[in-house]
Amino acid sequence: MDTFVIDGPVRLEGRVRVSGAKNAVLPVMTAALLVEGVSTLQRVPRLRDTSTMAHLLRVLGARVEHDGNLMRIDTSSYDYWEAPYELVKTMRASVYALGPLLARRGKARVSLPGGCAWGPRPVDLHLMGMERLGAKITLSHGYVHAEAPNGLRGGEIFFEIPSVGATINVMMAAVLAKGRTTLVNAAREPEVADIAAALNRAGARIEGAGGYAIQIDGVPELRPLEHATMADRIEAGTFLIAGLMTGGDVTVEACDPTHLQALLEKLQQMGAEVEAGPDWVRVRRVDGVRPVDVTTAPFPGFATDLQAQIMAGLAIADGVSLVTETIYPDRFTHVAELRRLGAQIRLDGNIAVVTGTAHLSGAPVMATDLRASAALILSAFAAEGRTEISRVYHIDRGYESIEEKFAALGAPIERRRDRDDPEA
Ligand code: EPZ
């Protein structure tokens, strides 16, 4: 497993372009299973997760080429319909194969995803939605068996939680269903609207994506997808928090500031000077970091995927902050590692009490999940001395060319490869 070596403190300065959004491109890749032909996706980041998803599509019989950031998916003759445990256990997003396979093939066999570092992550809302569209769902031997031999039919679906995955999965299934489907209390994350835009361009009839109610009128078939993925708002937010933490001056380009409003508000409260244009955001910090309270919430609230990173920033604030995690109450695996760098954090249920300190110091730490790893990198930039972060394959799941991007901002990261480990 590779290790990152960072000598702090460093000050980040410069401009960085973010990549296409991991959490939009993964479902768009499975959406290609809805069509017959060659779909072309642009701005597809080169990540472990996109290569895992490409592998899943190949297992299903599709042909996938990923050339630079251009991806072509040929689903002219794919004939399989099972997403095996070996793949799903490594990436929960594999469950996105369920909706398209059910819609196009009338059946699907998808492994139930395991838990993750922060507790179980059920898919009950995905399955409820498919049943409302007329599918017969049975669970056995750790697999979801879904069948709709006569095709899916439209229905009204209310989500008791605005689940991103369930909204997207059921929306993809509904585009080929007979009749109208309405999703109520749908997730409003920008990735939902991105997938809807890709599907509408291929002939789907989806209205209201990005709002709390989405209406889908089923069509008999779709044309191949032609889509350029939206910018990764979590990657953009990660770089902006790094700019604040290091007292730097960072401009993130090719992003959408309207996807970052909750974060930009917090960064300003923490003492950053924030400027934004149509597709860029600039963060500078001139004085100390001020403490603020943060509570994660569904979009447009503060993103849970930026919780670990903002906590790293609050760990060097001049006061006490409360970080409340409402989406995944256990999403605090980064806390123990941040403490090793000198952060003063006390956990009380789903609330972290962060007492800022001016003195983080480098130490060996271990990445535990994608966003926790990002928090460790940011803290290493602010710490005195050397930090070694092991198990950085977590980082490689969701951040494209991260060493190059940070090096361009004046923050070198040395990657030590562990040759004899397949996970490296
Ligand atoms: C997506 O996960 C993202 N992943 C996550 O990002 C992100 O943290 C999450 O949305 C919330 O924004 C991808 O898009 C690939 P949910 P998802 O369904 O769809 C509960 C990252 O770091 N729930 O919105 O799985 C669930 O347990 C990853 O890039 C059910 O109870 O999230 C959670 O408490 C990590 N039943 C809440 O809803 C269900 O059927 C929100 O989950 C589905 C979800």
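The values are calculated or read from the model by the stated rules, or taken from the named source; none is laboratory data. Small disclaimer: the values here were computed from a predicted structure and weren't measured. Virtual Cβ from ideal backbone geometry, glycine too; neighbours counted across all protein chains shown. Heads up: the accessible areas ignore ligands, DNA and RNA and are worked out on the full protein's heavy atoms, side chains in. Shrake-Rupley method; radii C 1.70, N 1.55, O 1.52, S 1.80 Å.
The table that follows gives values for the structure above.
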read-out: Neighbourhood charge, 15 Å Cβ-Cβ cut-off, centred on Trp81 and excluding it, Lys, Arg +1 and Asp, Glu -1; value: +2
read-out: Acute angle (nearest 10 degrees) that the helix 164-174 long axis makes with the longest principal axis of the chain, alpha-carbon atoms; value: 20 degrees
read-out: Isotropic mean projected area of the C-alpha convex hull, segment 22-228 (nm²); value: 9.8 nm²
read-out: Dipole of segment 22-228, positive end: most advanced residue of His66, Thr181, Leu222 [Cβ charges, Cα centre]; value: His66
read-out: Antiparallel DSSP beta bridges within segment 135-231, percent to nearest 5; value: 70 percent
read-out: Residue-normalised accessible area of segment 1-147, given per residue in Å² at a 1.4 Å probe; value: 39 Å²
read-out: Given charges at beta-carbon only (K, R positive; D, E negative), |dipole| of the chain in Debye; value: 680 debye
read-out: Prolate/oblate/rounded label for segment 274-415 (Cα gyration tensor, a/c 1.5); value: rounded
read-out: Antiparallel bridge percentage (DSSP; both residues within the chain; nearest 5); value: 70 percent
read-out: R0 of 25 Å, Cβ-Cβ distance Thr182-Asp124: FRET efficiency to nearest 0.05; value: 0.80
read-out: Efficiency of FRET from Cβ geometry, Glu86 and Gln268, R₀ 51 Å, rounded to 0.05; value: 0.65
read-out: Binned Cα-Cα distance frequencies in segment 165-229 - 5 Å width, integer %; value: 4, 21, 33, 26, 13, 3
read-out: Unsatisfied cross-links (Cα-Cα over 28 Å) in the set Lys107/Lys178; Lys22/Lys136; Lys89/Lys405; value: Lys22/Lys136; Lys89/Lys405
read-out: Within the accessible area of the chain (1.4 Å probe), percent carbon and sulfur; value: 48 percent
read-out: Dipole of the chain, positive end: most advanced residue of Leu199, Gln309, Thr355 [Cβ charges, Cα centre]; value: Leu199
read-out: Gain upon complete extension [Arg223, Leu347; 0.36 nm per residue less C-alpha separation]; value: 39.6 nm
read-out: Global form of segment 129-264, assessed from the alpha-carbon gyration tensor, a/c cut-off 1.5; value: prolate
read-out: Estimated Rh, the chain: Kirkwood, alpha-carbon pairs, angstrom; value: 21.9 Å
read-out: Helix-derived mean residue ellipticity, 222 nm - over the chain, DSSP H n ≥ 4, -39500 (n - 2.57), to 500; value: -9000 deg cm²/dmol
read-out: Rounded to 5, percent antiparallel among DSSP beta bridges of segment 250-359; value: 85 percent
read-out: For segment 263-416, accessible area per residue (1.4 Å probe, heavy atoms of protein chains only), Å²; value: 38 Å²
read-out: Length gained when the stretch His145-Asp293 is fully extended (0.36 nm per residue, less Cα-Cα span); value: 48.9 nm
read-out: Rg/Rh for segment 191-320, where both radii come from Cα atoms and Rh is the Kirkwood radius; value: 1.09
read-out: Segment 360-377-segment 250-295 distance, computed between alpha-carbon centres (Å); value: 22 Å
read-out: Formal net charge of residues neighbouring Arg331 (Cβ-Cβ distance under 15 Å; K, R +1; D, E -1); value: -3
read-out: Area of Val95 that stays accessible when all protein chains are in place (1.4 Å probe, Å², to 10); value: 10 Å²
